[in-house]
Amino acid sequence: MSRLSPQRPARRVAVVGAGPAGLYAAEELIRQSRHDVRVDVLDRLPAPYGLVRYGVAPDHPRIKSITGSLRKVLDDPRVAFHGGVELGTDLTRHELLARYDAVVYAAGAAGDRRLGIPGEDLPGSCSATAFVSWYSGHPDARPPLSLDTERVAVIGAGNVALDVARVLARPVADLERTDMPEQVLAALRDSAVREVVVLARRGPRHARFTPKELRELGGLDGVDVIVDPGQLTVPGSADPDRTAQANLRALADLAARPPLGAPRRIALRFFTRPHRVLGEHRVTGLLTERTHDGPDGAPQGTGDFTTFPVGAVLRAVGYRGLPLDTVPFDPTRGVVPNDRGRVLDTEGMPCPGEYVTGWLKRGPSGVIGTNKLDSAETVALLLEDLDRLSGRQLPDLEGLLIGRGIRPVGLSGWARIDSAEQDLGATRGRDRTKIADWPTLLRLGRTDHPVPVEPEELPWPS
Ligand code: NAP
């Protein structure tokens with residue numbers, strides 16, 4: 001039996017970010033029966049699904065199919081999608097807080113960590129984040145590398161490193177079936193890359209790969225995977241945990257496979273840390289130092305340096321959250337300071353009505369499902385606080401946006417983008433081909449909104 005009280009007005013919650021963390025938060029908010037809640041989901045992009053759309057590798061369609069269940073959240077009449085609306089640009093934190101009983105920040109971690117070594121900004125050196133955004137058809141992305149080189153170094157021993165190594169090395173025919181934009185496929189077809197060297201600064205038992213992703217490498221047609229068996233047995237190190245044991249088994253299987261002289265190869269090298277990206281006008285090599293695992297597991301340099309002749313360097317050393325307008329932010333960790341999801345101010349006190357979830361709450365770790373639990377924790381606290389929060393008559397968001405000439409992309413606008421991408425894919429025998437440019441996304445997405453008044457005709461609220 002519902003515990004809703006009929007005379008109470010519906011509580012209004014804004015969720016900033018339409019990725020998995022934000023949509024799981026919206027789902028939690030409408031699933032409960034304690035409060036009647038309406039949820040507005042805002043995203044700076046005209047398309048929902050965040051990292052599922054713009055981060056999960058295109059050759060992982062099973063993970064991408066999570067969009068099916070996320071779509072059900074957006075379809076709920078108590079949830080409204082407002083794409084193309086950016087907090088900090090289109091409206092401020094205080095304007096948002098004035099319009100909702102509570103706000104949940106779920107903007108993820110759009111930035112990337114840096115190596116902090118000389119040469120990192122040379123042409124030919126970029127973050128995996130930029131490369132992933134480009135092959136995923138993110139409308140802000142530009143080609144970050146020219147693939148006119150035979151050998152590429154990927155720095156990092158996480159799943160993103162494996163994603164980019166796979167995309168660079170696997171036959172483009174395998175990627176033709178994916179949703180990659182046509183211009184990305186064209187660049188990959190012309191790619192000169194023959195070898196991708198993945199460099200891990202620690203030993204295999206400290207790698208952050210997951211066993212499934214490692215095993216997947218062994219199944220790639222046309223790719224030899226090279227692992228030195230000598231790097232897998234390190235005397236004296238602590239007993240590995242279950243994931244590390246499974247990783248070691250997967251690596252041993254890869255190491256036991258003789259190379260077949262395949263057209264491309266992925267080499268996994270451990271105990272190798274980057275020291276300097278070499279080159280004058282563009283990347284020509286990478287100077288690395290051999291390491292061993294120290295007693296605390298941290299990599300220790302040995303003073304033994306090697307130069308890898310490579311034409312490109314991709315750093316896959318982790319994502320990083322970015323600040324959102326004036327929302328409290330910890331620049332060291334790249335997260336919004338919080339207590340289990342309640343946003344904390346500089347004094348460590350909760351900011352009433354403000355919550356955070358996902359990578360912006362805990363940092364860039366875990367799989368997509370991790371965000372479900374994370375959002376459940378945040379929303380449980382929000383619901384606990386909701387009786388104490390506002391409940392007053394609130395001005396609506398639409399009035400503010402219309403006054404500024406901002407036309408959000410609603411669910412029907414997204415549906416048009418979605419079907420245009422499916423139509424485009426069908427012309428090439430695929431399920432979908434991503435549309436990657438802002439003008440087309442906005443033209444498709446905004447058709448159902450009234451013609452706006454030009455912003456310069458309006459008084460800008462102070
Ligand atoms: P990650 O798992 O945190 O791995 C980052 C790697 O970079 C680690 O090996 C780390 O080594 C290394 N690193 C950090 N700083 C470095 C430096 N200065 N020099 C050299 N190496 C450095 O991050 P990620 O790969 O970006 O993945 C983020 C999250 O998304 C993870 O939870 C991941 O599992 C998930 N993800 C999952 C999938 C999938 O399920 N298929 C795909 C992609 C991503 P240390 O350990 O020594 O610090």
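The values are calculated or read from the model by the stated rules, or taken from the named source; none is laboratory data. Values in this document were obtained by computation on a predicted structure and should not be read as measured data. Glycine also receives a Cβ, built like all others from the backbone with ideal geometry; neighbour counts cover every protein chain displayed. Heavy atoms of the whole protein, side chains included, go into the accessibility calculation; ligands, DNA and RNA do not. Shrake-Rupley method; radii C 1.70, N 1.55, O 1.52, S 1.80 Å.
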Check on ARG388, surrounded by fewer than 20 Cβ atoms within 10 Å (Cβ to Cβ), at pLDDT below 95 and over 23 Å from GLY55 (Cα atoms): yes
Evaluation of LEU389 against (1) closer than 24 Å to TYR105 by Cβ; (2) part of a strand (DSSP E or B) (one fails), failing number: (2)
Lone unmet requirement of (1) open to solvent by 30 Å² or more (accessible area, probe 1.4 Å); (2) in contact with a Cys (Cβ under 7 Å, 6 or more places away or on another chain) for ALA130: (2)
ARG265 being in the same structural domain as VAL223 (by TED's automatic domain parsing) and touching a helix residue (DSSP H, G or I) at 6+ places or on another chain (Cβ under 9 Å): yes
Residue within region 50-61 that is touching a His at 6+ places or on another chain (Cβ under 8 Å) and on the phi < 0 side of the Ramachandran plot present: yes
Count of region 166-178 residues which are in contact (Cβ under 8 Å) with a residue 40 or more places away in the chain, in contact with a helix residue (DSSP H, G or I) (Cβ under 7 Å, 6 or more places away or on another chain) and open to solvent by 10 Å² or more (accessible area, probe 1.4 Å): 1
Subset of region 107-165 (residues that are within 8 Å of the ligand (Cβ to nearest atom) and in contact with a helix residue (DSSP H, G or I) (Cβ under 6 Å, 6 or more places away or on another chain)): ALA128, ASN159, VAL160, LEU162
Residue that is farthest from the ligand (Cβ to nearest atom) [pool: residues in region 195-248 that are open to solvent by 50 Å² or more (accessible area, probe 1.4 Å) and in contact with a helix residue (DSSP H, G or I) (Cβ under 6 Å, 6 or more places away or on another chain)]: PRO229
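Okay, residues lined up against (1) acidic (Asp, Glu); (2) under 19 Å from ALA26 (Cα atoms); (3) without any contact (Cβ under 8 Å) to a residue 24 or more places away in the chain:
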site: ASP90; (1), (2), (3): yes, no, no
site: VAL103; (1), (2), (3): no, yes, no
site: ASP112; (1), (2), (3): yes, no, no
site: GLY116; (1), (2), (3): no, no, yes
site: GLU120; (1), (2), (3): yes, no, no
site: PRO123; (1), (2), (3): no, no, no
site: ALA130; (1), (2), (3): no, no, yes
Residue list for region 282-295, filter: within 12 Å of the ligand (Cβ to nearest atom) and without any contact (Cβ under 8 Å) to a residue 40 or more places away in the chain: GLU289, GLY294
Residues that are part of a loop (DSSP other than H, G, I, E, B) and open to solvent by 30 Å² or more (accessible area, probe 1.4 Å), drawn from region 139-153: ASP140, ARG142, PRO143, PRO144, SER146, ASP148, GLU150
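Yes or no, residue by residue, for (1) without any contact (Cβ under 8 Å) to a residue 12 or more places away in the chain; (2) under 20 Å from THR233 (Cα atoms):
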position	(1), (2)
ALA262	no, no
ALA267	no, yes
ARG273	no, yes
ARG276	no, no
GLU280	yes, no
GLY297	no, yes
THR346	no, no
Residue in region 12-36 that is farthest from the chain's Cα centre (by Cα), counting only those that are closer than 20 Å to GLU95 by Cα and of a type in the set (A, V, I, L, M): VAL13
Members of region 392-416 found to be outside any helix (DSSP H, G or I), in contact (Cβ under 8 Å) with a residue 60 or more places away in the chain and among the small types (Gly, Ala, Ser), listed by number: GLY410
Residue within region 184-194 that is farther than 24 Å from THR233 by Cα, crowded, with 19+ Cβ neighbours inside 10 Å, within 11 Å of the ligand (Cβ to nearest atom) and within 20 Å of the chain's Cα centre (by Cα) present: no
Strands (runs of 3 or more DSSP E) fully within region 283-382 counting 1 or more residues that are over 26 Å from PHE131 (Cβ atoms), open to solvent by 70 Å² or more (accessible area, probe 1.4 Å) and in the same structural domain as LEU51 (by TED's automatic domain parsing): 350-356
